[in-house]
Structure formats: C-alpha cells, structure tokens
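Okay, so here's the structure we're looking at.
The values are calculated or read from the model by the stated rules, or taken from the named source; none is laboratory data. Values in this document were obtained by computation on a predicted structure and should not be read as measured data. Ideal geometry is used to build each Cβ from the backbone, glycine not excepted, and the neighbour counts take in all protein chains shown. Areas reflect the complete protein model, heavy atoms only, side chains present, ligands, DNA and RNA absent. Shrake-Rupley method; radii C 1.70, N 1.55, O 1.52, S 1.80 Å.
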Amino acid sequence: MMLPFYDVIVVGGGHAGCEAAAAAANLGSKTLLITMDMGKYAQMSCNPAIGGIAKGQIVREIDALGGYTGIIADRSSIQFRMLNRSKGPAMWSPRVQSDRFRFSEYWRTVLENTDNLDLWQDAVVHLLIEDGQVKGVKTQIGVEFKSKTVILTNGTFLNGLMHIGQSKMEGGRIGESASYFISDQLAEAGFTTGRLKTGTPVRIDGRTIDFSKLTEQKGDEGHYKFSYLPDVKSELKSRSCWITYTSPEVHAALEEGFEESPMYDGTIQSTGPRYCPSIESKLVTFAAKQQHQLFLEPEGEKTNEYYLNGFSSSLPWQVQYKALRLVPGLENVKIYRPGYAIEYDYFDPTQLYHTLETKNIKNLYFGGQINGTTGYEEAAAQGLICGINAHLKAQGEPEFTLGREEAYIGVLIDDLVTKGVDEPYRMFTSRAEYRILLRQDDADVRLTPKSFRIGLASQQRMDLLDEKLKLRDDIIDFVSKFSIKPQYINTLLESKNTSPLKQGLKLKDVISRPQISIFDVIEPVVPFQKMLEIIPQNRFEEIVVSAEILIKYAGYIEREKLMAEKFKRLENINIEDKFDYEKIHTISTEARQKLARINPKTIGQASRISGVNPSDINVLLVMLGR
C-alpha cells in the first residue's frame, strides 16, 4: 500500500497540535495529525478554563489570526468573566469556564471536517532524519509516514512520570501512557534537554459539597467573548464557581504527609511552575499565612465533577483526603481521584528560531510544553505559529513571525528563543513592554490583516474588521464634532461626582473624563443615540467599547507607539551569522558564550538575552559601523 506524502505531519493532539494541524491544513498543506487518543483532542488535563491574565489576550490573538481556540472556548463556555475591569483596558483579560468534555468534542468536529487534514491514532517513536533534515516519522506499530516538515507537540508525555506520595506511574496524564524514544533520539542529535514538573489537584464529587458554606462566584453579564466572529456563542447553561479557604487545621493535616511527599524527599528533582504552586509549596513558602483561597470549578454543564483550584498536590492520597475534609463545605466530601504531580522532558527553546523551527534539524518544529511552557493558551499559540510556518516552509514561501510590539504571542516566542526557561513559562502582562498596544479589544486590528495576507484569516474576518473600523471611526468623528450643552448633561455629571459644565463642550471631552463611560451619555444625548442605531446589535458593545478606549487613552497609545518604533530600529539591524563571538574579547565572557549559543537574528534580540549588557551591545554596534 502506498501511503500519502505529506507537507506537514503534526505529532500530538493537544492544544498545540490541534491548532498546528488546523492552520497548516486550512492554508492548503496536505497535513497529517497523529495522536495517541482521538477521543481526547485538546484535553483539559488541568483546570477546565481558557484565558485569564495575559492568557485571555493570547486567545483573542489566536482568534484574530484565524485559529480555533477562542471559537471553541466560546461555544463550550459555562461561565465568562472579564478580569481586571477595575484597571485600564491594557489589563482587561477575558476568561471562560469551559465544559471540558464539549471543548474536546468540538475540537474533534473541527478537525474531522477540515479539508487537507488526515488523522491517525498511534504513538510516534522515531523521527526519520537524513542529512540534518527531518523526512517523516515512524510510529509504534511500525508505520512510516514521509513529509516535508514535522511538528512535535508532545505536551507532558515525553518520558512522563506521575507521583502520588510514594507511588509512581509512567504516563503523560492519569490513565494514559507516556511517549518514549523521541527524547533520546533528539538528545543524541545534539539537543539540550531537561525535566520540568507540573501538577493538578483533586477532583471532587459535587453531590458531597455543602454549598451553603461556600461563597458563590457568578459569571459576568454582557457581550464579552473570545471570538471576533459575531455569531459564535455558547448554547450551554451557565454555572457558578465557588470559593472556600484552607485553615491552620488543614495545613497541619497536610504537613503530616510531608515526609512522604516526593517534592521534599528528593524524589522530584525537576522545577515546577512558580506561579501555580502546589498546596505543599504554598505552606512552605508562605509559612506565616493562616489561609489560602480555593476555587471549586465545575468541569462541565451537567457533570457533578469539580476541580479544586489552588489545591494541586503530590502528597499521599490519604493525606489529601484527610485535609480536604477539614475545609469548610467539604467536611463530607468524596473524591473521584487525588491530585498528582508529573515530570516530563522539555527542550531548551533557545535551540529554536522565531518560527519555532529547530536550529539543529531543518524542517522540524517544536510547539507547546516541549518548549518549557505551561498552559493551554501558550501551547495553542505556539502550535498555530508552528502550523503556519511549517506550511510556508513546505511551500517555499517566506516565514511568518510576530514582534513584541505586535502580539503577546510575539512576546511569548521571543522570550522563549532568546532567554530560554529555567521553570515552566507562563505569560503575564508584565512580560510585555507595550501592554497598551497589545490590548484584548484590538487583536483583530493588529493581526487579522497579517493573517489574511498569508491566506489563513478569511474574507469574512476582513469584512468584519473593515466594518468595525469604519463604525468605530464614525463614533469618534461624531463625538469629536458634536457639542453638548450643560442642560442636557449636567444631571448625569453631578450624579457621577464630576464637575458640571458651565458652557457647551465637545462630547468627546465629556467621555474622556475618568468618571464617565461612553454608555452613560447614550440616553441623555439623543443625537448620539440615533447615530449609534447604525451599529449591528450583535456587535454593539464591542464596537462602542473600542471607540471609547481610543477616546480615553489616545495619548498613552500614541506615546507607546513612538517607543515601539524607536526600539524597532534595533530589530531591523540583522547580525545573524555576522560575528565569531568567541573572538570578540571586548565583550564579557558571559555575553560571548550566550551570543555564540543563541546566535541572535537582530541587535534587538541580542539586547534581550540575559547576561548581555548595554555595553556589549554598543561594542557590536561599533563593529557594524553604527
């Protein structure tokens, strides 16, 4: 039997693999997705949620580029919240609680109905490599698939090892086998590899929770969602999350098991995520703290299963169970399974280009936790960029990359390939220099035209963007020209504790006041109300909010654009392969070593390498004649 020859093979059916396969296939490449379990595409192995601080911005960017994570998160949503609404719009971060079963099911529907995409259930055990270039893969049952490019998105499955107390189990997640041999082959090919750790908490039977002792946390009302496509929405019933707290009694019960904790008896040597620590790590790091907040998150629309956010643990199951029953509301709780830790292999991401192609082996791409990241959103973003670039490479077209001033995805990838990781990497707004340029409300403005030019974002998305920009600018133009008289607006202004008008004022100046929302002035200003009637109802809030942000923050946005343009000049100075760094003795030893290892593409990238100082950059600029 003659097997097809593929443009792109994607290994792994997690969040990175699904986005990679869909992107490559939608761009026109003949694509094969190989996964060990076709029933668990984009499985939510940890918390059943998408988005959050900075992660929500990433999902909006994935959607703007034509990816699917935002669409599927919206459709499977059982609760939506916009985090940080009390802060400026640069910090607003969308988050959904998802039905994790529907999330995976919807992904399968997308993949099975994507043209140019074949699916195969199996484990990849070997890469076919010739003359420093990947040529395909070999699977566990002995099938060899040939291709122009290969994308590895193995998640936590590479030599995965799980820990519950003194019990160890090989696997990528509970109940699923690990992936072997690939790590050894890549190490032999010269890749630097390491081990990282992550964990997940106990799952609880909701029928045994006393909700009367918990604090209810409902979702937000309003238009907010991830996808810019107006007709994408959830048909599922909303569900609340619930809040409770640990106590000194809970802490004492947990500490009884520390002697058998694999984290403290030397069993686990690898580094875990600092910003999502286990409950035992919290007790050690914050020893004086009397309580820690816990969130009970429903796993789906109809299931009784709850995820206990904040209680990740690898302690013996008996210790976890005893401590749980001391938590208010959980005194009679039953569990479906205990929490566990998992160690897995990753590869130093400084061995990658910004396209996520490896430097050691041509046409081989890495995406997701294999690069040392943590989180569904970070993985999906990398998968999307892998899929785009593997397609472009297979077709002989120019590469696709995003700058730090263009997207959180650009910040993510630049951090990985420039700085590497020494712990599981997750995105924060603080990692981005140009947060107000990377707001969640305008990812489509920044990225949809770029994606449309390479053929991924659809004509529909461009039409929606053009409509949004026109209507947004019409609103700004109207309020910039329309003057409002005191008698029509002073009652509102006084009710909002802001100074009344003494004479007519442009409506834009009223909206610019921090106490006033653009929505406040719609009812009292009838001409404005009538002008807004042209906006489609299913996009009304989205478009009006985008106008308000530009009205209120125009000065800050322009200032940040100027800063970005200034630093972008350094990104245009190419230095890749131009220096033998080991021979430049006027820069520090650490700088020589790191510049030689990473071989940065531009002066801008070199300046962000840890250990490379401004004086080192000045030496390079002088050598370039700058």
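Of note:
- Proximal lysines relative to Lys197, as straight alpha-carbon distance under 26 Å, when same-chain residues fewer than 8 apart are discounted: Lys40, Lys55, Lys168, Lys282, Lys289, Lys322, Lys359, Lys419, Lys594
- By the compact-protein rule of thumb, 2.2 N^0.38 Å, the alpha-carbon radius of gyration of the range 180-247 corresponds to a ratio of 2.00.
- Per-residue HN-Hα couplings for the range 112-123 [Karplus 6.51, -1.76, 1.60; θ = phi - 60°; Hz; x = Gly/Pro]: 6, 10, 9, 4, 6, 10, 9, 10, 9, 9, 4, 10
- Inter-label distance, nm, simple model (7 Å from Cα along the C-beta direction), Gln166/Ala287: 2.6
- Relative counts (whole %) of C-alpha pair distances in the range 60-141, using bins that are 10 Å wide: 14, 28, 26, 20, 11, 1
- Taking packing as the residue-averaged number of other Cβ atoms within 10 angstrom, the listed peptides 254-262, 474-482, 213-221 run from highest to lowest as 254-262, 474-482, 213-221.
- If you wrap the tightest convex hull around every Cα atom of the range 557-619 and split its volume per residue, you get 81 Å³.
- Largest accessible area first, the listed residues Trp317, Trp107, Trp242, Trp120 line up as Trp317, Trp120, Trp242, Trp107 when surface is computed with a 1.4 Å probe on the assembled protein chains.
- Counting only Cβ charges, +1 for Lys and Arg and -1 for Asp and Glu, the dipole size of the chain around its Cα centre is about 1400 debye.
- Using a probe of 1.4 Å on the protein chains alone, the accessible area found for Arg608 is around 50 Å².
- Calculated FRET value between Lys583 and Ser430, using beta carbons and R₀ = 60 Å, to 0.05: 0.95
- Whole-percent pair-distance distribution, where bins are 10 Å wide, for the alpha carbons of the range 527-574: 21, 30, 23, 18, 8, 1
- Most positive-pole-ward Cα, Leu308, Val11, Thr418, against dipole of the chain from beta carbon charges: Thr418
- Counted over all Cα-Cα pairs of the range 378-419, pairs farther apart than 11 Å make up 64 percent.
- Volume per residue for the chain equals 181 cubic angstrom (convex hull of Cα atoms).
- Taking every DSSP beta bridge that has both ends in the chain, the antiparallel portion is near 70%.
- Pairs of C-alpha atoms in the range 273-340 farther apart than 19 Å represent 33 percent of all such pairs.
- Projecting the Cα atoms of Ala73, Tyr41, Val125 onto the dipole axis of the range 39-134, where Lys and Arg carry +1 and Asp and Glu carry -1 at the beta carbon, places Ala73 farthest toward the positive end.
- Karplus (6.51, -1.76, 1.60) ³J(HN,Hα), θ = phi - 60°, over the range 445-460, in Hz, Gly and Pro reported as x: 4, 6, 10, 4, x, 5, 5, 4, 5, 8, x, 8, 5, 7, 4, 4
- Taking 0.890 mPa s as the viscosity and 25 °C as the temperature, the Stokes-Einstein diffusion coefficient of the range 122-232 based on its alpha-carbon Kirkwood radius rounds to 132 µm²/s.
- Close amide-amide hydrogen proximity is noted between Val125 and Lys138, Thr139, Gln140, each under 5 Å apart and 5 or more residues distant or on a separate chain (H modeled in the peptide plane; Pro and chain starts excluded).
- Charge-dipole axis of the chain as Lys and Arg at +1 and Asp and Glu at -1 on Cβ define it, positive-most pick from Leu493, Tyr228, Gly368: Leu493
- For the range 199-322, the spread of Cα coordinates along the three principal axes comes to 53, 34, 26 Å, biggest extent given first.
- Rounded to 5, percent antiparallel among DSSP beta bridges of the range 161-284: 90
- Taking 37 °C and 0.692 mPa s as conditions, the range 413-533 diffuses translationally at an estimated 182 µm²/s according to Stokes-Einstein applied to its Kirkwood radius (Cα pairs).
- Packing-based order for 302-315, 282-295, 36-49, using average beta carbon neighbours within 10 Å, highest first: 302-315, 36-49, 282-295
- Treating each Cα of the range 358-437 as one equal point scatterer and applying the Debye formula with no solvent, the log10 of I(q)/I(0) at q = 0.12, 0.22, 0.23, 0.27 Å⁻¹ comes out as -0.35, -1.09, -1.17, -1.43.
- Beyond 13 Å, the tail of the calculated P(r) for the range 209-264 holds 77 percent of the Cα pairs.
- Among 12-21, 81-90, the order from most to least packed when residues are scored by Cβ within 10 Å on average: 12-21, 81-90
- Across the range 260-274, computed HN-Hα scalar couplings (Karplus, 6.51 cos²θ - 1.76 cosθ + 1.60, θ = phi - 60°) run 9, 7, x, 6, 10, 9, x, 5, 8, 9, 7, 8, x, x, 4 Hz from first to last residue, x flagging Gly and Pro.
- Nearest-20 debye value, the range 220-266 charge dipole, Cβ charges on Lys, Arg, Asp, Glu: 580
- Cα centre as origin, Lys/Arg/Asp/Glu Cβ charges: the range 280-435 dipole, Debye: 520
- Amide H within-cut-off set for Ile151, under 5 Å, with H built and near neighbours excluded: Ile9, Val10, Val11, Tyr365
- Pair-distance distribution of the range 247-393: all C-alpha pairs, bin width 5 Å, starting at 0; shares per bin in whole percent are 2, 8, 15, 16, 14, 12, 10, 9, 7, 4, 2, 0.
- Over the Cα atoms of the range 482-624, the radius of gyration divided by the Kirkwood radius equals 1.34; this is the Rg/Rh ratio.
- Calculated on the Cα set of the range 1-89, radius of gyration then Dmax: 15.9, 62 Å.
- The amide H of Gln133, built 1.01 Å from its N in the peptide plane, has Lys362 as neighbours under 5 Å, considering only residues 5 or more places off or on other chains.
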